[in-house]
Structure formats: structure tokens, C-alpha cells
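Notes for the one structure printed next.
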Amino acid sequence: MAQTRPESEQVRFESSKTGSHNLDTYLEACEKGTRTMYDMLDDIFSSSGVFDATVFEFRIDDSTRKLQVRIGTFSDTTSGWTDVTNPYMFVQRGAWAASTAYNETDIVTHSNSTYMAVNAHTSAGSAPSGTDFGVIIDGAALTTAVSSASASATTATTQATTATTQATAASASATLASEWAEKTTGYVTGTSYSAKYWATQADVATVATNITDISAVAGKATEIGLLGTTDAIADMNTLGTADVVTDMNTLATADVVADMNTLGTADVVSDMNILATADIVSDMNTLATADVVADMNTLGTADVVSDMNTLATADVVSDMNTLATADIVSDMNTLGTADVVSDMNTLGTAANVTNMATVATDITNVNTTASNITGVNSFAEKYRVQATAPSTSLDSGDLWYDTTLDAMKVFDGSSFVTSAGFASFATTDMTDVSSTTATNGQVLKYATGSTNYIPASLANTDISGLGGAATLSVGTTAGTVAAGDHNHTGTYEPADAAIQTHLSNTTKHREIDDAASGTTDLWSASKINTQIAAVPDAIVMAIALG
């Protein structure tokens, strides 16, 4: 038994069901939102304490066709509605099929009969079972009834014609009699009436007025017999509830009937039977999210569908399977930047592809160049090949191959000048050389009197005086200087053997060799120019940029 007792300034409530509670806390927990418990109870009970069924309302939503409920008092007809669990009722499922999941109240057809599922189940067998389905319309009985009604209508028409003829005759007879039949014994009194009295009663007149309807009903005796069975009456009792009648009224709109006509074709029913499997329903539930629907809307354009048709070949699918590895996907993520895509667009021309194929055959040299890229970059800054003199990024010692004059020039800090080390020149081009034409075997000899160099033959006396006071003796063999044929005094100079040793040391002295291919060999400017000209510009730029 519940007990309430004071405890300091608060009262505790002792429940026999849930134990001890602070009464203030207990009563406050009974409130929801800003509403008190008695206010909420007033919503569902009348002032006399009787449950108020009018606060519960049901409807079928016109747009979703779902059964909805709302509880309480509302100021309009649209607020407060909520879908009930399993809200679909009387769903037209078309022709019954085995191994199919059906919900309670689903409607199916089979052998010209109509059935309603009385519980949720998965069908089996060759026809709707009496346990899982109830017969709404018995097709065989309906066919018989229609045939019988047609025959009865024909009979009724004939009988009506006969009755009309007889009525005409009776009317004629009536005019001939002033009185109808009298009692066979005794007299007609106020309590004992003649046939005329009974024939003129209001009920008889009413029957006579409705004789056509009565005749029509009499002609439907067979149909009435069919409907008057215990099973048919039970079916009509099942359907004859306010809720079912409301549902049928809801379904009996032109829009819903049009929808059922649209869905009630063999093709659509077949499609729904195909889709109505647990697996497909599960798949549709998976796909029926806002995110997936948004994705499908994005993909569902003519352009994207066309792209997918292009990709949906066995060959392309095989290629995508080949590419769909974690390593390749990672590589594509690396390449899939705006900068790299722009570079690939630049390189992806027929000419560049051809050039890259050419370079791929000499990849060893490319790798060698890549390992010496610092030197290549330095060379690219120092050496240029063009028709006009460079005007930017100039440093002393920069080289320019003038393609107009086919001459190598060097920048001396202020301008490019022809270098004797790179080009042919004539003695006549030299300001301090006499223009006298030289002959075979002559050398340039300084002429003291003229302060110029002139071509002349070399005599023994011309090479005397080497090494200060020393004299050089020429050997007996013409044109050669023999070892030991000379002596000198004064400052020491290296012997000829030391000079030969220096010249033969390839690590200290190198000669230009255009036929060589080693990484430390020297090429002439002409050879370097030829090699650079043979490399495509795109590859040179790619190497220069690293």
C-alpha cells in the first residue's frame, strides 16, 4: 500500500511497487514539457472519467497512401498526423505467386477469385491457402451468379411483358364490375370486408407501384441464394465495418482506381513479382537513402550514362580491374593534380609521344644526364645557340654559337667577341701581322724595325740566345734537334722527358676527341652543338627543369 509521510520540509512517497520517492520529484516526473499530468489525462478522458474515443483519428495519406493516426484535439485537419507501423493496407499485389512475402491485408487474385491476406506470411503451394488468405470474391460463384442473373433477367423481361398484358386485361375487367366479390356467407359489415376493401388498401397500392422492382428481385432468387450462405455473410460482416468501408471509400477515388489500373497489368504485376523478394527489397532499402539517391541523380544524366556505356565494355572493365590495385590507385592520386594533368596535356601530343619513344631507346644516356643534371643546368646557362646575340642573364665567359655566321663567340663582360679558340681566322685579320703572304714552312717572326710579325723562314741563329747566355746547337740531321745537341746555363727548365710525361698524363692533359663517349672526355663546340640540336626541345626543357 502506498504511503506518504513528511520528511523535514519535503514529503516522501512510499510506493508498494517502486519503493521510496520524494513526492515533489515524483510528481514533477509526471509532467511532460509544460503540461501537468491531469492536463494530459484530460486529453483522453471525459469529465466523467470515461475514455474519449474521439481524440483518436485515422486517415489514409493521399500522397503516400499510408495509414496515419493522430491523438488529441487539433485546430485544423492537417496537423499531428503520424504513420502507423506497417501503414499500407489493401495493397494490390496482382496475381498470387508462390514463395512470395505478403503482408496482412494485401490483395491478390487467383483463378478469377480475389483474396485478402489475413496475416503476414511467405506463400507456398499452388494456390492461396485458407489459413493465410480470406476469399473476398469467389470467381466461380460470381461467374455462375452472373450467368444465372442474365438468364433470370431474360425470364423477368418475358414475365414483365406477360404481366403488362395481364394488367391491361385486368383493368378492362375492373371497369366491367361495379363491385368486387362479396362474402360467400353473410353480409359485408364494418368488421367483415369484401375483396374490394382489401384490394384498395395502401399496402396493396404500394406493392402495385413497386411491382417492377419486386419482379426484378424475384428474378434474382438464385443470386440471393448464393449470397445468403454463412460464408458470404461472414465475408460481408468482415467488410462491413466502418474502418473497412472508410478504407474502401478512400480507395474508391478516380486517382487511386487509375493507379490500380496502371499497376494492374500483367507486365507490371510480373515486374513486381520479380522485385518482391527479400533480397531485392533489402537492396532497395540500402539504396533508398538521401545520399545514394543524390548520387544516382548526379549519375543519371544523359552525358554520364553515355560515358558509362562507353566504359562498360569487357576490354575497359578488364583494364579497370588491372588498374584497381592499392598501389596503382595511390599512383593515380599522385598524378591526379591540376599541375600534373596540365603537364601531361602539354606532353600528350603526337610529336612529343614520338620524341619520348625515341628517347626511351637511349634511356641509359638520359639517366647519365639526369645524374649530372647540375652540370647540364650550368651548361644550359653558359651556352646558347641562336641567330642573334643573347641579351639577358649574361656573365663573362658565356658562349654563343652564332648560327648566322657559323661562329662561336664568347662574352667578354660587355659584348660577344669571336674567339680564336673556336673559329678559323686569317693572319690578315690580325692588326700586328704583316700582310705579306706566307709560304710553306714559314713562321711568324717579329720584325724589330716594323714592330710587326712577318712570315719568314726560321734559321739557326733565330733560335739562339734561349735561356739567357746559353746557345743552342742544331744537330747534323736536318729538321731535327737531337738530344744532347744543346746546353744551357742559368735558370733550370724542365727536360723534354718531363714535358712528354706531362703530355701523356690523361688526368692532367686532355685533347678534344669528338669520337669519344666517356663522361670525362672533351668534345669540340661543334660536336656539342650538334648533339644538343638532335635532342627535342621538350626533353631539353624537362631535363633543365628537373
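For region 120-148, a residue qualifies if it is polar (S, T, N, Q) and either modelled with pLDDT under 90 or over 28 Å from LEU251 (Cβ atoms) (or both), and the qualifying residues are SER126, THR143, THR144, SER147, SER148.
If the condition is being closer than 20 Å to ILE44 by Cβ and aromatic (Phe, Trp, Tyr), then region 78-98 contributes only TRP81.
A single entry from ALA174, ALA163, ALA151 fulfils the requirement of being modelled with pLDDT under 85 and not acidic (Asp, Glu): ALA174. Each residue in region 248-273 was checked for being without any contact (Cβ under 8 Å) to a residue 40 or more places away in the chain, within 24 Å of ASP61 (Cα to Cα) and not in a helix (DSSP H, G or I), and 2 pass.
Only one of the numbered conditions (1) touching a helix residue (DSSP H, G or I) at 6+ places or on another chain (Cβ under 7 Å); (2) under 30 Å from LEU41 (Cα atoms) is violated by SER75, and that is (1).
Restricting the search to strands (runs of 3 or more DSSP E) fully inside region 32-118 and requiring at least 2 residues that are hydroxyl-bearing (Ser, Thr, Tyr) gives 113-117.
A quick yes/no check of all residues on (1) surrounded by 10 or more Cβ atoms within 10 Å (Cβ to Cβ); (2) over 19 Å from the mean Cα position of the chain (by Cα):
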position	(1), (2)
ASP291	no, no
THR301	yes, no
THR310	no, no
THR313	yes, no
ASP327	no, yes
ASN333	no, no
ASP343	yes, yes
LEU347	yes, yes
MET356	yes, yes
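Screening THR154 on (1) more than 30 Å from GLY225 (Cβ to Cβ); (2) more than 37 Å from the chain's Cα centre (by Cα); (3) of a type in the set (S, T, N, Q); (4) exposed (fewer than 12 other Cβ atoms within 10 Å of the Cβ) shows it passes everything except condition (1).
Assess whether VAL317 counts as being without any contact (Cβ under 8 Å) to a residue 60 or more places away in the chain, part of a helix (DSSP H, G or I) and in contact with a Leu (Cβ under 8 Å, 6 or more places away or on another chain). So VAL317 fits the description; yes. Of all residues in region 263-285, those that are more than 20 Å from ASN103 (Cβ to Cβ) and loosely packed, with under 10 Cβ neighbours inside 10 Å total 2.
Just to be sure, is ILE363 surrounded by fewer than 11 Cβ atoms within 10 Å (Cβ to Cβ), of a type in the set (Val, Ile, Thr) and free of Cβ contacts under 8 Å to residues at least 12 places away in the same chain? Taking the combined requirement at face value, the residue satisfies it.
Taking residues in region 116-128 that are on the phi > 0 side of the Ramachandran plot, and partners anywhere that are not in a strand (DSSP E or B) and not acidic (Asp, Glu), the pairs with Cβ atoms closer than 7 Å and at least 6 places apart or on different chains are GLY125/ALA98.
The values are calculated or read from the model by the stated rules, or taken from the named source; none is laboratory data. Remember, predicted model here, so these are calculated numbers, not experimental data. With ideal geometry, Cβ positions are generated from the backbone for all residues, glycine too; neighbour counts draw on all protein chains shown.
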